Amino acid sequence: MVDVNLLQDRLDVEELYSRYAVAIDNNQADEWVSCFTEDGSFESGRFGKHVGREGLKKFTKLYRESLGGAGVLHVITNVFFKLEGDGGAGGCYLVYYHCKEGKIQQVSVGRYKDTLRKVNGRWHFVSRLVTLDGHH
């Protein structure tokens, strides 16, 4: 028999991955931060580790300033995760583009490693670690 709750959880987590990418690409800092738990963390080799709502909000500002006016596209693929109760772990691949003055450049490829938690019926990232495998 199909577990409808598990199917809904899986759809919700896939939506979380998409919301994360669309929010950061469109400078929607509050929406991006809402993808994380209250104590959530984001870590990258370039920007370091940012923890909690204020730390994550600070990251969005640093990140936006680093772009030099370029638009960005986070293209995520091969999303995978395993859920157990209200927790889980997963990840995906990343292809990252800069768009400026009508030109697009693939900047890097990498992967995310994630810890997930369901809080008040909604899935969030507890932690996200992005690792770049190569860059332009």
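The values are calculated or read from the model by the stated rules, or taken from the named source; none is laboratory data. These numbers were taken from a predicted model, which means no experiment stands behind them. Please note: Cβ atoms are built from the backbone with ideal geometry, for glycine as well, and neighbour counts cover all protein chains shown.
Numbers at a glance
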item: The range 21-33: number of residues that are in a loop (DSSP other than H, G, I, E, B) and touching a residue at least 24 places away in the same chain (Cβ under 8 Å); result: 1
item: Selection within the range 35-45 - farther than 24 Å from Arg122 by Cα and either without any contact (Cβ under 8 Å) to a residue 24 or more places away in the chain or in a strand (DSSP E or B) (or both); result: Ser44
item: Among the candidates Val2, Val51, residue that is over 16 Å from Trp123 (Cα atoms), modelled with pLDDT under 95 and over 13 Å from the mean Cα position of the chain (by Cα); result: Val2
item: Test result for Leu83, farther than 20 Å from Val33 by Cα, assigned to a strand (DSSP E or B) and touching a residue at least 12 places away in the same chain (Cβ under 8 Å); result: yes
item: Residue within the range 51-62 that is without any contact (Cβ under 8 Å) to a residue 24 or more places away in the chain, touching a Ser or Thr at 6+ places or on another chain (Cβ under 7 Å), assigned to a strand (DSSP E or B) and at negative phi present; result: yes
item: Complete set of residues in the range 23-46 that are closer than 21 Å to Tyr97 by Cβ and surrounded by 14 or more Cβ atoms within 10 Å (Cβ to Cβ); result: Ala23, Ile24, Asp25, Asn27, Gln28, Ala29, Glu31, Trp32, Cys35, Phe42, Ser44
item: Number of the exception - Ser66 against (1) of a type in the set (Ser, Thr, Tyr); (2) surrounded by fewer than 16 Cβ atoms within 10 Å (Cβ to Cβ); (3) within 15 Å of the chain's Cα centre (by Cα); result: (3)
item: Members of the range 76-98 that are under 19 Å from Leu132 (Cβ atoms) and surrounded by 14 or more Cβ atoms within 10 Å (Cβ to Cβ); result: Ile76, Val79, Gly90, Gly91, Cys92, Tyr93, Leu94, Val95, Tyr96, Tyr97, His98
